[in-house]
Each structure stands twice: as structure tokens, then as C-alpha cells.
Amino acid sequence: MAGSPRRAAGRRLQLPLLCLLFQGVTAILFAIFVRYNHETDAALWHQGNHSNADNEFYFRYPSFQDVHVMVFVGFGFLMAFLQRYGFSSVGFTFLLAAFALQWSTLVQGFLHAFHSGHIHVGMESMINADFCAGAVLISLGAVLGKTGPAPLLFATLLEVVLFGINEFVLLRVLGVKDAGGSMTIHTFGAYFGLALSRVLYRPQLEKSRHRQGSVYHSDLFAMIGTIFLWVFWPSFNSAPTALGDEQLRTALNTYYSLTASTLSTFALSALVSRDGRLDMVHIQNAALAGGVVVGTSSEMMLTPFGALVAGFLAGTVSTLGYKFFTPILESKFKVQDTCGVHNLHGMPGILGALLGALVAGLATHEAYGDGLRDVFPLVAEAQRSATSQAVHQLFGLFVTLMFAFVGGSLGGLLLKLPFLDYPSDSQCYEDQIYWEVPEEHEDKAQEPLRVEEPDTQA
Amino acid sequence: MAGSPRRAAGRRLQLPLLCLLFQGVTAILFAIFVRYNHETDAALWHQGNHSNADNEFYFRYPSFQDVHVMVFVGFGFLMAFLQRYGFSSVGFTFLLAAFALQWSTLVQGFLHAFHSGHIHVGMESMINADFCAGAVLISLGAVLGKTGPAPLLFATLLEVVLFGINEFVLLRVLGVKDAGGSMTIHTFGAYFGLALSRVLYRPQLEKSRHRQGSVYHSDLFAMIGTIFLWVFWPSFNSAPTALGDEQLRTALNTYYSLTASTLSTFALSALVSRDGRLDMVHIQNAALAGGVVVGTSSEMMLTPFGALVAGFLAGTVSTLGYKFFTPILESKFKVQDTCGVHNLHGMPGILGALLGALVAGLATHEAYGDGLRDVFPLVAEAQRSATSQAVHQLFGLFVTLMFAFVGGSLGGLLLKLPFLDYPSDSQCYEDQIYWEVPEEHEDKAQEPLRVEEPDTQA
Amino acid sequence: MAGSPRRAAGRRLQLPLLCLLFQGVTAILFAIFVRYNHETDAALWHQGNHSNADNEFYFRYPSFQDVHVMVFVGFGFLMAFLQRYGFSSVGFTFLLAAFALQWSTLVQGFLHAFHSGHIHVGMESMINADFCAGAVLISLGAVLGKTGPAPLLFATLLEVVLFGINEFVLLRVLGVKDAGGSMTIHTFGAYFGLALSRVLYRPQLEKSRHRQGSVYHSDLFAMIGTIFLWVFWPSFNSAPTALGDEQLRTALNTYYSLTASTLSTFALSALVSRDGRLDMVHIQNAALAGGVVVGTSSEMMLTPFGALVAGFLAGTVSTLGYKFFTPILESKFKVQDTCGVHNLHGMPGILGALLGALVAGLATHEAYGDGLRDVFPLVAEAQRSATSQAVHQLFGLFVTLMFAFVGGSLGGLLLKLPFLDYPSDSQCYEDQIYWEVPEEHEDKAQEPLRVEEPDTQA
């Protein structure tokens, strides 16, 4: 119990000091390195002899905005299903994603867009930074409610770097295709978060179990997240692809895949329940698996039928995962997965990677015509066969899993540093630890929290 | 009471089996018939000699996304005003619309885009399928809370077919203009649903009346739906029109019409109340009537003044409908209209059809210039006069009403098939029948439901 | 107590009569003056020899839709944080903004787009009208909960006119740049509202203090507003700029500025609280200050680093304002600022104007190249120096403050006209005065309201 006032002061300062430090460092690095790219800079753009209509803004900005909504509204509210953790779900999403956008601009910039000493930012860097923020929020879903914002900022610092390196290895070194990020975003984000959660395992989490469920209106708030994610997922997968037919095809495939995962989720959710009633957890999450599973293959000639099959399988696997695998994950593997990211992003992400390898291996000059140059440039230039592309895709999945597991475990060890402040086992999933909660709510909550207070300083 | 366990098992399996069956059939039909169209297929697009900027994606995808938000977020949350039916409102919207997108791709494809044995899908088919889903959800509004998801899937199966045929008759056979669907979407969807509701009339619905109202926060959730519908309606009406001035004009007219229906709804809502207080039901619904009423005419030279007048009238008629006509509809016509779709989509839809006929009849070469080819191609090519176009428009309304009444009545009879499971009169508007509801809420609800359980198996 | 029934009848009729009167007058003015512009009119557009792809719709409509969401969803739900004023927050936003769109079309049209006796409307007029509606809603934030819809319609009538004149003076007469409206929208809207609130000062507002806070779920509804505002703010600032690099640069700068204001808001919110806990009021509001502060300068060559610094400062100033300045504003200056618009729009708006002047003063031909013609046309044409542009910018701020203070004060006096109906001091922040509230909620509220009823008629 000694040091309790000091600890309180420490907790008070950890978050603000980290925010200020991180912001200070990124600002300095921005000053030194970050410059407008050719399409953003007044002088550079006007040097060229092009119409304003050629600016990438008009081709990608609407898709970017949809992605931006998904990251901040979609993920934020999807995680607000917890009955007493809505402020934290939406608020920490907001904080971590905002930091990830800055930090990822730097990391991805150094790796992808570093020319003559400068990082050049524009439309694409905005989309890519949002993608990285998406991965960070997927990881957050695994540890949600069990860590505070300061440790989460540390985890984000690390994850953004590893995300950038993994993405660089896949896209640049291995020549892997992964527009919608089945591997780079979903698989990486999920297993990074699960590894984190494994290292931070809490044997006594049972003490907060009563707060781990939803209430009626928190489930409706979560559906706001779900529906916006579902509606805009075609934009997510198509935002970074080549222009023209490819963006349209990616959007179309994703659109069909999601309809199928929705139908299979409703079917399976009713089937696996005792009395045929639907489970909101499944609808909120597994219905989205159709977007994850075509993250790699939706830019390819998947065919609308292929998209339906993929979505159907993903919704099925994901719903079964929530019902049967999540409990095992905790009891056998000591992985506590608050939002079930293993079911929504992990398994469907791996499935998506395998599907991408399959569809890549089936690519022919006949099916893609001159469009092969956009989808599989190395195959079009005869630098590799379709089969070789498929093997590279599989290797990309392996690399991603390695980065995620090793990175997440390292991250977990980092987050065990003694000075970082955590909620006690009985204070998990509780906004009041980090937020001034309006009285009405505080009244109800005050008593159990006071009783268990010593727990915090244990 | 005999057979109650069998019935329970039957209920348990109806929804999942239907989902699996419907998904299986559409998937097989997709495999046989559905192919990427010219703008979506890698090989076909790259055969042509066009810039990627010409791809229809860049002209219609942002509008499509707005429509997509309206269908899933807008309609879903608009219907979440019921105090204990939020899961079902948002969830069944999700399920039915997802299925309608697949099924309508096939039905509309066979009718509109069937070439050399294949249905060609792309940007336009995505928009059209969403439009059909919109009609399905309008019909849902009439029977909301009184049917289960399995009967609703059957109704959707039928409605999508009839929607497609009616749309084909109007747009292809009769040469009627109806971009935003005053007739094909709103009038058809509303009267199909009302006919359904008539056949499924429940004389004892009074038993669930206490659950038919809203609570404070459910009204705010509904406003999320309202505002997104209102904000994106200009995209709804303009999504399928000819490119250029026509999309802009349609959006602009809809924008003004909606402002006027908002003002008249506030005025009338206060006027017709006993004490001058506003009624959330009016604001949530009637304020949107301005979008419905210009569904046919907003692509025409309606003029901004015409848009204001149309919107004003629609808001007025709709608010008065909620206040005075909905009770009569139930007491005299035995039509129980949960969301008042007759006021929001039925009457404003008919008004919109009449307005469309009027504005079409006034069309001159002078007013439209060379733009006449886009708006009234048959008039521009001198195949019919403006007056003849107006008569065709009126006949289109008549055809739509026939399809809706006859189809909805048939649908109602289909839904009376004895094996389909329904909530009892005392269990309407109650999520717990179909959803695992979080405890907090269940506690309150458990008792009255248990007491009346026999009712279900009657 | 005399005249109480008459007063009640008066209250009953004020709102509907004003709505009908205002709608009637704008409709007549629309009939006389408003016409489609060249890009919207069928005949005019088809006269020209241009591709449909050149229509402004394709360059600005997606940005317009984002702005439209911000105005109706963003502002509406941001103000729904009050525990018992959600209907009014969302509903009055809806009403006032709808009227402002019509009225501003006329006012801005007379000033900016009046040619040969007609106002020409199209893509730009839609964006500009939404901007004006934004300013109206900022002012609403200052007086929220303390006035009724009828007085607010009067205030809107006046504010739209003054907004239009101030904007005309700045943009047309002074040649000031202010794309995202740090001055014309945020500074003007905030100080107009604060002046209003000053004149309408209520010394006994303490009586409603218990309703001025939030409850748990009302804070989550408010976060819907916050996040949509945050996500779409890049579209807000870039919607009206020159095409090409300028739209992209404006969006990019705003995007970075907002990430920085989010980080500084979280840091400062934790720092200034007694126990290190975060305050939802800060997160909901101050995190948005990064969008306000670059309203003027984001179209300029601010650099990404500059955007971060600006956002960081704005978030800091805004959070400190909520903590320390809002109480002083009430106690010393007798300004009751319900939503703290002084902190979110007032101070960051002024800061944004100063930053705009600074960045304008630093403009060189080298930094902007031929793009100087788009950003600072008068400097490019050598009609004024960069320093002179900076001085004009500063003078624009001064003019704006004058218009806002004088206009808001006049508006306050107008709203003190005796026939206008107001809630009593003990009935502020209460939906039941203006709305039929569902019973569940009414039950709790009925008693205190009845007891204090005489207060109303005092």
C-alpha cells in the first residue's frame, strides 16, 4: 500500500506526458522530413502540364473519407458494446488512431516514400496511415478494457513500426498483393493483439466479468459501428488499388462477400444457440468477416460467385469461432480476447490470405488481359509465374504471422514495465478509472469500486 | 399446447434453414449467370481505349455509398424508435437488405442486363439492387414488430421479383421516368407493405400496445436514421440519372424540397398537437417526405421554387397523415402500419408520381434544350409528345399500385402458411422473441412474457 | 398569472406561424429570383461544348455531402450531450439549418451570384448555404437550452443576413482568404452567439443547473457528433477552395491539425483535472479545435509541420478555455455559453485568423509557383504584396468581430421583444417544454416541472 499517493500522481501524469512527448517528437520529425508531394504542393503541381481533374484527390478522396469513417466511427463504436466502457472505447480509439496517423506517416514514409531526404505526403499516405491505424485498433480489440491509455500508446508506438516493416517486406520485397490487407492489416493486427493479450494474461479477470457484457443501448451503439464498417468496407478494400476497373471490381466483390457473410452469420447464430435466438455479438462482428476475407483477393478476378462463397465461409467460421473457440482460447491458451478479434480478423484474415494465394495461382493472361499489369505486374512482365506468385502470397502470410507473434509478445513484455499503470482485475471494463463519468452512472458504480480499491495498488 | 416442443424446434430451424437455402440458390445462380460487366472486368476494360478516369466508378461510386448508408444505417435506425425492438429493427434491416441485394442482382439482371446468357454486373447494378432493398425496407416498416425474420425473408423473395417486374414495365415498356423512385420504390414499397399488413391484420394487437411507443433514447437512435436519410437523399434521387447537369439538378432540387418539408413538418406538428408541442414521430418521418415527393420530378426542370412547393406539400400531407389518417387506417381499413409508411412513402409517393406527370407534361424543347435527350428521350426523338409522356407517367402510377396491391395481398396469403412462426399478439414489438437480450433488460421483461407464454402456442 | 391561457395559445402558434411565414416568403423570393446556374440547367449546360465529366458536380459533390453530414449530424448530435435536451438539440439544429439553407441561398445569392435580375444556384451555392448554416448552429451552441425555437428562427433570420454581408465584405471587398471560415464561420458564429447570450443573460440560471450536465448515454450520442465532425473536417475546409492541389493540400493540412489537437486535448484534459481523469466535454469539443484553427490557412503552404503546431495549440487553448475561462465568462462577463463555443470556435477561430495572416504574410512566388494565382490572386497579379495581404487578413478579423458583436447584441435586443416566449429559469435545458416526450421519461420529470410552472408565466 506504500507509495499509493505517489502512484496516483504517477498515473495522473503518465498519459499527458506521453501525449506531449510523442507529439513533440513527431512534430520535430515532421519539421525535418515531411513535405507535400507533387500533387499537394502548390509550386510542384503547377509546374506540370496537367488538368486539375487529374489530381489524385478526385480519384481517391471519397474512398479515403469512407475509410476514415470506418476507423474512427466504425471501430470506435463497434467496441462500445461494453456496458460501462463506452467512453474508453470511443475515446481511446480516437486517441490511438490520431497518434497512429502521425506516427505511421513517418514510419511508412521512411519505408515507402523517402526521396532525397524527405518523406512526401499526399492522398496515398493519408489512406495508408488510416490503414495502419485500423490495424492498431484491431489489436486494441483484443486487450480492450484491460489496459490504460498510457500503455496503449506505447503499444501503438511499437505496432506502427512493425506494421510498416511487415507491409514493406510483403509489398515491396516479396511483391505480394494485399490491397485490402487480409494479411497486413487483419492478420497482423489480430495476432499482434492476441500475443499482447497472452503476455498480459489476467488469471483473475473473472472479478470483472459482470462488466464484460453489454446492455440494451450499448448494443445499439455498437451496431452503429458495425453498420458503418459494413457499408464502407467496399471502399476500404478498393481505396489503394490501381485506378479504373480494379477499384470497381474490388468494391463489387467486397459488396457481395459482405452480403453472404451476413446471411451465414444470421443462419449460424440461430443454429448454434440453445433456443434459436440470435446473438448480437455474432451479428455485430461475424457479419463483417466477408470484408476481411476478400481483403487480398477482391482486386483479383475472384468472380461474384467466388465473393459469395468466400463471404459465406468467413461468416460461418467467424460465428463458430465466437461460439466455440473464444472460450477455448481463454481456458486452454490463456488468451483473453475482449472483442473476439481472433474470430473477426484473425481466422478470416488467414482465410483471406489463403484465398488470395489460390486466386493468384489461378491467374491467366486470358482472364486478366492487359489488366494483368495492374493486378500482378511481376506475372505480366514474366518475372514470375502465377504459381510463384501464389507461393509468394503464402510466404507473405507466414512472414506476417511471425511479425505479429514476435512483435506482440515483445510488446507485451514492454507493457509489463513496472512503472506503467493498469486497472486491477476487478476494475477492468470500467470507464470511471480513466474518465469523469456523469453522476447518474457514478452513483450506481461508486460502491463496488470503493470496496475493491486496495486491489488497484496491489 | 400439444406439439409445443416440436414448434419450438421448428422455430429454431426456420430462420437458419431459409438463410442457408436462399444463399445456396443465389450462389448457384450467380455461378451460372453473373459476370463482371465491361467496366469491372480486367480483360474487357483494358481492351477498350479509354482512360481510367472514364470508368463509371468515378461518376457514381460516391452517390452509391450515400445510398448504401441510407439503406442500412438510415432505414435501420429510423425503425429503431420502438422501445424494445431496436435489435430487430437494425438486425432484420441488415438481413433482409443483404439478401435483397443478392436476389435483386439476379432478378433485375435477368430483366435489364441479360446479354448472351449472362447477367452483367457493375456500378449500376449495385445502385439498382440497393434501390430494391430500399423498397423492401419500406414494406418492412408497415409490418415491423408483427412478423418474424423467416416470414420476412419469404416476403422479400416475392417482393424483389415483383419490384423488378414493375420497374421493368415502367422504365422499359412504358418509357416512364422515375429516377428517384417515387413510384417504383416508394409507392410500390409502401402499398406492398400495407397490403401485407392488411392480410396479416391482428384484431388483438392492443395487447402489445404498451411496447409500440418509444423511449427517450430510442427516439434519439431513430433520429440517427432520420438525419442520415435526410442528408443523403439528394444522392439517392441523383444516383441513377444521366451524367452532368442532370445529376446536379436532381441533387439540388431534392436538397431544396427537403428543407421545405422540414419547415412544414415542424409547423404542422406544432399546429395539430393539443398544446403546441412537437411530436418526434412527425419530425423523424414527415420531414423526409420532401425527398420522396421529388423522386420522379427532381431530374426534370422542376425549378428550385417548384421543389420548395413540392416539399412543403409533402411535409404537410405526411404530418397530417400521421395525426389523422393512421388511426383511421387501422380502425376503418384494418391496416396496422407500424412506422406509418403510408404517410412517409405512400401518399408522398403518389403525390410525387402526379407531380412527375405534371412536370413531364409541361416539358418543352425550349426549357430543356439539347438536354431533352437525357430527360425525355422519347419526346426528344419525337416518338411521343410531352402530354403523351405525362399520360404514360400516370399509367405507370396505376400499374405500380396494381402490382403493389395484388403482390402484397398474395404475399400476405403466402405468409399465412401455417408452418411459419409468428409472435403472439402480446409478444409483438419485442426483441426477446428473436434475440438474446442482455440481462439488465431481460430482467424487467421476463415476467409479463412468461405469464403470456401460452398465447404463443395457441 | 393573468393572460396565462392567452400566453399558452400564443406559444402554441408562434412556432408554426413563423415557419409558415418564413417558408412562404422564401418560396415567393425563390419564384421571383432563383434560377439554375449554367451547370445545373438542362438547356444551358447542353449549349456548351463540354464533357459531362467537367460538371462541377464531380469535383465538389462528395465534399458537399461530407459538409452536409457535419452540419446536420455533427452539430446536431454534438449538442445532444445534455441529459434532457436531446430532442431539442437534434431537432432545432434540423429546423434552423433547414431554414438557413433556404434563406442563405437568397442572401448569399443577392450578394455573390446576382446576374441580370436572377440568383444562379448550383454546386457552390449549396456548399455556401451549408457553411452559413454551420455558423448559425455555432451561435445556437451558446444559447442552447435557454431559448425556444421561435426566437431562434428570428435570430437565424438576422444572423444569415449579417453572415452574408460580413462574408461579402471579407471575400469580395477586402480580398481576404478564408476557405474554411476561421473568420467568416467560426469567429463570426461564436461571437454572434456569445453576444446574444450576453444580452439574454439569466442571473437565476442556477435553477436549471441540475439539467445542464450529461448522462452516460447522452455523452455517447454527443461523441457521434464529435467523430463525424472530426472525420469530415478535411472536407469542410477543402470544399470551396480552387480545384487540384489546393483541395488536396487543404484536406491534408486539416487532417494533420486535427490529429494534433486530439493529442493535446487528451494531454491537457488529464493534466488539468484533479485526479488525472479525462473529461468528456474536452474530448467532445477541444479535439475539434484543430479543424477550426486551420480554417483560413489550410489552403496555404502551411506545411504539415505547421498544421501539427497549429492543431496542438488550438487543442491546448480550447481545453484550457473549458477548464478555466468558461466559469469566468459567466461570473465576470455574464455570458452563459452552454456548449462552450467560445472555446471551440471563438478562440481557435481568432487564432486561425492570426495564423492565416501570418502564413499569408510569408507567401512567396518561390513557395507557391504558379499556384499563387489560386491562393493569393491579388498577390500573384502584383496588386498587393504578401505583407499587404496579411494586413487585409487582420482587418478581416476585425470586421468580423465587429459584425458579430454588434449583430449579436442587436439580435439579443430583438429577441427580448415581449411577445416571444421563453422557458423560465427553472425550465431551461428541458425537452418537455417543446416536445411530447415518451412517458418513461415524462414520469420522472413531471413533478418538479409542475411545481415550478408559475415561474413560466411570470
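The values are calculated or read from the model by the stated rules, or taken from the named source; none is laboratory data. Values in this document were obtained by computation on a predicted structure and should not be read as measured data. Backbone-built Cβ (ideal geometry, glycine too); neighbour counts: all protein chains shown. Note: accessible area is taken over every heavy atom of the protein model, side chains too, but ligands, DNA and RNA are not part of it. Shrake-Rupley method; radii C 1.70, N 1.55, O 1.52, S 1.80 Å.
Mind checking whether some residue in region B:294-301 is over 19 Å from the mean Cα position of the chain (by Cα) and either among the small types (Gly, Ala, Ser) or closer than 30 Å to C:Asp431 by Cα (or both)? No - not one qualifying residue is present in region B:294-301.
Of the residues making up region C:198-214, one or more are charged (D, E, K, R), away from every other protein chain (no Cβ under 14 Å) and not in a helix (DSSP H, G or I). On inspection, A:Ser104 fails the criterion of being within 27 Å of A:Ala286 (Cα to Cα), more than 9 Å from chain C (Cβ to nearest Cβ) and open to solvent by less than 10 Å² (accessible area, probe 1.4 Å). Against the conditions (1) open to solvent by less than 10 Å² (accessible area, probe 1.4 Å); (2) assigned to a helix (DSSP H, G or I); (3) away from chain B (no Cβ under 14 Å), C:Phe110 satisfies every one except (1). Which residues, taken from region B:274-289, are touching a residue at least 40 places away in the same chain (Cβ under 8 Å) and not charged (D, E, K, R)? Selection gives B:Met280, B:Val281, B:His282, B:Ile283, B:Gln284, B:Asn285, B:Ala286, B:Ala287, B:Leu288, B:Ala289.
When C:Gly225 is tested against (1) over 27 Å from A:Gly24 (Cα atoms); (2) part of a helix (DSSP H, G or I); (3) within 7 Å of chain A (Cβ to nearest Cβ), only condition (3) is not met.
Within region B:228-262, the set of residues being open to solvent by less than 10 Å² (accessible area, probe 1.4 Å) and assigned to a loop (DSSP other than H, G, I, E, B) comprises B:Ala239, B:Thr241, B:Gly244. Given the criteria in contact with a Pro (Cβ under 6 Å, 6 or more places away or on another chain), within 11 Å of chain C (Cβ to nearest Cβ) and open to solvent by 10 Å² or more (accessible area, probe 1.4 Å), does B:Leu271 qualify? Taking the combined requirement at face value, the residue satisfies it.
C:Phe324 falls short on exactly one of the conditions (1) more than 25 Å from C:Gly396 (Cβ to Cβ); (2) open to solvent by less than 40 Å² (accessible area, probe 1.4 Å), and that condition is (2).
Taking region B:302-319 as the range and being within 13 Å of another protein chain (Cβ to nearest Cβ) and not small (Gly, Ala, Ser) as the test, the residues that pass are B:Leu302, B:Thr303, B:Pro304, B:Phe305, B:Leu308, B:Val309, B:Phe312, B:Leu313, B:Thr316, B:Thr319. Residue check: C:Ser89 meets all listed conditions (1) over 29 Å from C:Thr254 (Cα atoms); (2) more than 7 Å from every other protein chain (Cβ to nearest Cβ); (3) open to solvent by less than 10 Å² (accessible area, probe 1.4 Å) but one, namely (1). Of all the residues in region A:39-64, those that are out of contact with any Ser or Thr (no Cβ under 6 Å at 6 or more places or on another chain) and either without any contact (Cβ under 8 Å) to a residue 40 or more places away in the chain or more than 9 Å from chain C (Cβ to nearest Cβ) (or both) number 18.
Select from region B:403-435 the residues that are within 14 Å of chain A (Cβ to nearest Cβ) and among the charged types (D, E, K, R) and write down the one among them that is farthest from B:Leu144 (Cα to Cα). By that ranking, first place goes to B:Asp421.
When B:Lys334 is tested against the conditions (1) crowded, with 24+ Cβ neighbours inside 10 Å; (2) touching a residue at least 60 places away in the same chain (Cβ under 8 Å), the lone failure is (1).
Residues in region C:144-162 include at least one that is within 30 Å of B:Gly276 (Cβ to Cβ), in contact with an Asp or Glu (Cβ under 8 Å, 6 or more places away or on another chain) and part of a helix (DSSP H, G or I).
If I filter region B:264-285 for residues that are acidic (Asp, Glu) and under 20 Å from the mean Cα position of the chain (by Cα), do I get at least one hit?
Start the filter on region B:264-285 by keeping residues that are acidic (Asp, Glu), which leaves B:275, B:279.
Subset that is under 20 Å from the mean Cα position of the chain (by Cα): none.
Taking every residue of region B:264-285 in turn, none turns out to be acidic (Asp, Glu) and under 20 Å from the mean Cα position of the chain (by Cα).
For C:Gln83, state whether it is within 7 Å of chain B (Cβ to nearest Cβ) and not hydrophobic (A, V, I, L, M, F, W, C). No.
Kindly indicate whether B:Leu162 is in contact with a helix residue (DSSP H, G or I) (Cβ under 6 Å, 6 or more places away or on another chain), under 20 Å from B:His342 (Cα atoms) and surrounded by fewer than 24 Cβ atoms within 10 Å (Cβ to Cβ). Walk me through it before giving the result.
Values: in contact with a helix residue (DSSP H, G or I) (Cβ under 6 Å, 6 or more places away or on another chain): yes; under 20 Å from B:His342 (Cα atoms): yes; surrounded by fewer than 24 Cβ atoms within 10 Å (Cβ to Cβ): yes.
Judged against the criteria, B:Leu162 is a match.
Looking across region A:1-60 at every residue that is surrounded by fewer than 17 Cβ atoms within 10 Å (Cβ to Cβ) and among the hydroxyl-bearing types (Ser, Thr, Tyr), the one that is modelled with the lowest pLDDT is identified as A:Ser4.
Condition test on A:Val73, is it aliphatic (A, V, I, L, M), within 7 Å of chain C (Cβ to nearest Cβ) and crowded, with 23+ Cβ neighbours inside 10 Å? Criteria met by A:Val73.
I'd like the full set of residues that are under 24 Å from A:His217 (Cβ atoms), open to solvent by less than 10 Å² (accessible area, probe 1.4 Å) and of a type outside the set (Gly, Ala, Ser), limited to region A:283-318.
Going through region A:283-318, the residues under 24 Å from A:His217 (Cβ atoms) turn out to be A:283-288.
Those left that are additionally open to solvent by less than 10 Å² (accessible area, probe 1.4 Å): A:283-284, A:286-288.
Answer for region A:283-318, where residues must be under 24 Å from A:His217 (Cβ atoms), open to solvent by less than 10 Å² (accessible area, probe 1.4 Å) and of a type outside the set (Gly, Ala, Ser): A:Ile283, A:Gln284, A:Leu288.
Of the numbered criteria (1) within 23 Å of B:Pro234 (Cα to Cα); (2) more than 10 Å from chain B (Cβ to nearest Cβ); (3) buried (at least 24 other Cβ atoms within 10 Å of the Cβ), the one C:Ala98 fails is (2).
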